[in-house]
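S.K.: Please read through the structure below; I'll follow up with questions.
The values are calculated or read from the model by the stated rules, or taken from the named source; none is laboratory data. In this text the structure is predicted, and so the values were computed from the model without any measurement. Cβ coordinates were reconstructed from backbone atoms using ideal geometry, including for glycine residues, and neighbour counts include every protein chain displayed.
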Amino acid sequence: STSEESTFIIHMAKSQMPDSFDDHTHWYSSSLKSVSESAEMLYVYNNAVHGYAARLTKKEAESIQKQRGILSVMPEMKYELH
Amino acid sequence: TTRTPLFLGLDRSADFFPESNAMGDVIVGVLDTGVWPESKSFDDSGFGPIPASWKGECESGTNFSSKNCNRKLIGARYFAKGYESTMGLIDETKESKSPRDDDGHGTHTSTTAAGSVVQGASLFGFASGSARGMATHARVAVYKVCWIGGCFSSDILAALDKAIDDNVNVLSLSLGGGNSDYYRDSVAIGAFAAMEKGILVSCSAGNSGPSPYSLSNVAPWITTVGAGTLDRDFPAYLSLGNGKNFSGVSLYKGAMSLSKMLPFVYAGNASNSTNGNLCMMGTLIPEQVKGKIVLCDRGLNPRVQKGSVVKAAGGAGMVLANTAANGDELVADAHLLPATTVGQTTGEAIKKYLTSDPNPTATILFEGTKVGIKPSPVVASFSSRGPNSITQEILKPDIIAPGVNIIAGWTGAVGPTGLAEDNRRVGFNIISGTSMSCPHVSGLAALLKGAHPDWSPAAIRSALMTTAYTVYKNGGALQDVATGKPSTPFDHGAGHVDPVAALNPGLVYDLKAEDYLNFLCALNYTSTQINSIARRPFSCDTSKKFSVTDLNYPSFAVVFSEQMIADSGSGSSSIKHIRTVTNVGPAGLYKVNVISPSNLVKVTVEPETLAFTRTNEQKSYTVTFTAPSMPSTKNVNGRIEWSDGKHVVSSPVAISWT
């Protein structure tokens, strides 16, 4: 990944998955590929949220936010031990 | 832990808690720095087969394989993709790319929650006894999400995702980050999904106290845990050349002891640095500290590192003095040289001696472990405080539990100070934080889950909260170290956990996922924001009026605004809270008792009695709070208690003005 990229968590509205997809992971992958040919998913989430994590540039993140079925694009946050 | 079982009454209550067979089906998941599987606290002697419901795994990696798991430690996973993508590849010479805990924090928290019984535990002889977790028969699953450079949300979310799928029953997270709104906070979002699957999520409140509005993990579906002290101390007295003695605490135990008076110097006067008083690395002048006891002020760098700095400069001992930031709270550390920590008041008195005597001298006397300290518990100064900065109408923290000077399992990778130069290795360590109080509650929640498998996470939390205590056995109010005065619900929530009482709470305030979604409607969340948390479309019913005050929470945070009072036109305003209680005991007639917050606030409960004829029967009541305008700095507190003569179902009331 490049220094311009950072990690985002993309929340998907699974109920809005187009009928053309059999599997939600294919839909997630397609949404990512539409903004970046090279970006790879870090995680696919199935239980805690519906969506995935990926490295994106700010521009790519803004672009993906505009797609149908995207609920939110949240930047990575750092947590600390207490 | 060696003292908390006794302190919490667990030793006297073996008969009340479920047999090991039932408890063995409860699985506690811990998101932290991983696990040291060789810890005796993970001994699986006497454990039956792993529950059939378990779908987790023991993942392999650096210095870790599936053979490290057993019938006690049934799962171990690690999540580093988010961390590595931001911080670069993990340096496997410095930390294990596996579930192995190179830090100690994760082993401490997981063994506190559910460690097996270990006879003869201690840290250098301190806090000696039989160590055990709160739920000794529960199983443990660890999810390593924290690395040297921190814990990243994409990894935490991935761990929560897996833990839900693995079928844990309780989740313990001793971590936090900032004050994001619920739909932006990965812990809150993941915890919602866990709650929906019947998993209780217990999180630390944070160590940013005693400042108000300093809490993290405040979502109402999370159990938020603050910290209190035990009745145990590790005294180390400082004796000055003028004959005066001062109390401090220390976990120092070494070959060297200070048996004679030594020259004593203030670090600020033995340094050319502007912050020389803090004993930062390389700031002390060796010629001026050699063979002396050095007084360092607390702040900026880790406490144990100050001792290391003094030692490296040739100092013979250290006095670590709290400043205003920490007041008189004493947290003990396993320093590398003879050292004692003193409170701010004591520190100032010692500094007066240092400046007034031309040849100051001192010695330190280590007294080991003392128990029976009173008053205890007291709210730890560092424990984060309310009000809740996201939703002021939800009182947080929910509860406090032991979090000061807690002994529990430790990693074999680093010494008790965690410093690179600390070559000592210990099986148990004594540390402090809401990180330590959180797994106490997680383990106690596991006990309740074993006793009442059908109870929801909200019912378990309600039982813990409504049976918590806020007065000592002598009738005195729970104290706050930060003020030396009685603590308030913004400090202790419902009070200090009492697990034996929680087993049989009488009534519970239950909540389902939909209740929380209606709560989000009351916050005017958009459908997109709600969908992010709920993972499904949810429309707020436009025909309904949603109110935050209707969330069936076991506590009351009542917020009067100037506008509200002005709008009423009568000089005062009324706020209604509606609650529904579920009977989890026998039939009974409950009567309400309002411990009035103040004569400024009128509290009426309707109805004043609730008659239950059967178990699981539900009854609702309304509380009306009426108050005049007050300054925004004003807070008043009270309690609403329902009792059938056997059970007391107690809720804290915190009233504030904005």
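S.K.: Step by step: first the residues of region A:61-82, then only those that are in a helix (DSSP H, G or I) and either within 30 Å of residue B:205 (Cβ to Cβ) or out of contact with any Phe, Trp or Tyr (no Cβ under 7 Å at 6 or more places or on another chain) (or both), then the one that is nearest to the other protein chains (Cβ to nearest Cβ). Which residue is that?
M.R.: A:65
S.K.: A further question on this structure: When you scan region B:16-59, how many residues do you find that are out of contact with any Ser or Thr (no Cβ under 6 Å at 6 or more places or on another chain), within 14 Å of chain A (Cβ to nearest Cβ) and among the hydrophobic types (A, V, I, L, M, F, W, C)?
M.R.: 1
S.K.: Can you tell me which residue among B:307, B:299, B:243 is under 23 Å from residue B:349 (Cα atoms) and either surrounded by 20 or more Cβ atoms within 10 Å (Cβ to Cβ) or touching a His at 6+ places or on another chain (Cβ under 9 Å) (or both)?
M.R.: B:307 is the lone residue from the list that is under 23 Å from residue B:349 (Cα atoms) and either surrounded by 20 or more Cβ atoms within 10 Å (Cβ to Cβ) or touching a His at 6+ places or on another chain (Cβ under 9 Å) (or both).
S.K.: Report, by residue number, each residue of region B:166-195 that is within 11 Å of chain A (Cβ to nearest Cβ), crowded, with 24+ Cβ neighbours inside 10 Å and of a type in the set (Gly, Ala, Ser).
M.R.: Within region B:166-195, B:174, B:176, B:186, B:190, B:191, B:193, B:194 qualify.
S.K.: Have a look at B:75, B:120 and point out the one that is part of a strand (DSSP E or B), away from chain A (no Cβ under 14 Å) and in contact with a Cys (Cβ under 9 Å, 6 or more places away or on another chain).
M.R.: Result of the check over B:75, B:120: B:75.
S.K.: Has region B:86-94 got any residue that is of a type outside the set (Gly, Ala, Ser), within 26 Å of the chain's Cα centre (by Cα) and at pLDDT 95 or above?
M.R.: Within region B:86-94, not a single residue is of a type outside the set (Gly, Ala, Ser), within 26 Å of the chain's Cα centre (by Cα) and at pLDDT 95 or above.
Okay, residues lined up against (1) more than 30 Å from residue B:356 (Cβ to Cβ); (2) touching a Gly at 6+ places or on another chain (Cβ under 7 Å):
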residue	(1), (2)
B:214	yes, yes
B:223	yes, no
B:229	yes, no
B:238	no, yes
B:248	no, no
B:262	no, yes
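S.K.: Six or more apart or on different chains, Cβ under 7 Å: which pairs go from a residue in region A:36-60 that's at the interface with chain B (Cβ under 9 Å from one of its Cβ atoms) and farther than 19 Å from residue B:189 by Cβ to one that's surrounded by 24 or more Cβ atoms within 10 Å (Cβ to Cβ) and not aliphatic (A, V, I, L, M)? Could you list them?
M.R.: A:55/A:7
S.K.: When you scan region B:477-488, do you find a residue that is at pLDDT 95 or above, among the aliphatic types (A, V, I, L, M) and surrounded by fewer than 21 Cβ atoms within 10 Å (Cβ to Cβ), even just one?
M.R.: Looking for residues that are at pLDDT 95 or above, among the aliphatic types (A, V, I, L, M) and surrounded by fewer than 21 Cβ atoms within 10 Å (Cβ to Cβ), one finds at least one in region B:477-488, hence yes.
S.K.: Also, I was wondering about something else. Is it the case, given these coordinates, that residue B:62 is within 14 Å of chain A (Cβ to nearest Cβ) and β-branched (Val, Ile, Thr)?
M.R.: So residue B:62 does not fit the description; no.
S.K.: Can you go through B:81, B:94, B:67 and tell me which one is surrounded by fewer than 23 Cβ atoms within 10 Å (Cβ to Cβ), within 14 Å of chain A (Cβ to nearest Cβ), of a type in the set (Lys, Arg) and more than 11 Å from residue B:139 (Cβ to Cβ)?
M.R.: B:81 is the lone residue from the list that is surrounded by fewer than 23 Cβ atoms within 10 Å (Cβ to Cβ), within 14 Å of chain A (Cβ to nearest Cβ), of a type in the set (Lys, Arg) and more than 11 Å from residue B:139 (Cβ to Cβ).
S.K.: In region B:462-473, is there at least one residue being over 21 Å from residue B:9 (Cα atoms) and β-branched (Val, Ile, Thr)?
M.R.: No, region B:462-473 contains no residue that is over 21 Å from residue B:9 (Cα atoms) and β-branched (Val, Ile, Thr).
S.K.: Which pairs do you get when a residue that is more than 11 Å from chain B (Cβ to nearest Cβ), found in region A:14-25, comes within reach of a residue that is among the hydrophobic types (A, V, I, L, M, F, W, C) and in a loop (DSSP other than H, G, I, E, B), reach meaning Cβ atoms under 7 angstrom, with the pair 6+ apart or on two chains?
M.R.: Sorted first by the residue in region A:14-25, then by its partner, the pairs are A:24/A:17.
S.K.: Let me ask something else about it. Do we have residue A:30 as farther than 14 Å from residue A:74 by Cα, in a helix (DSSP H, G or I), within 13 Å of another protein chain (Cβ to nearest Cβ) and of a type outside the set (Asp, Glu) here?
M.R.: no
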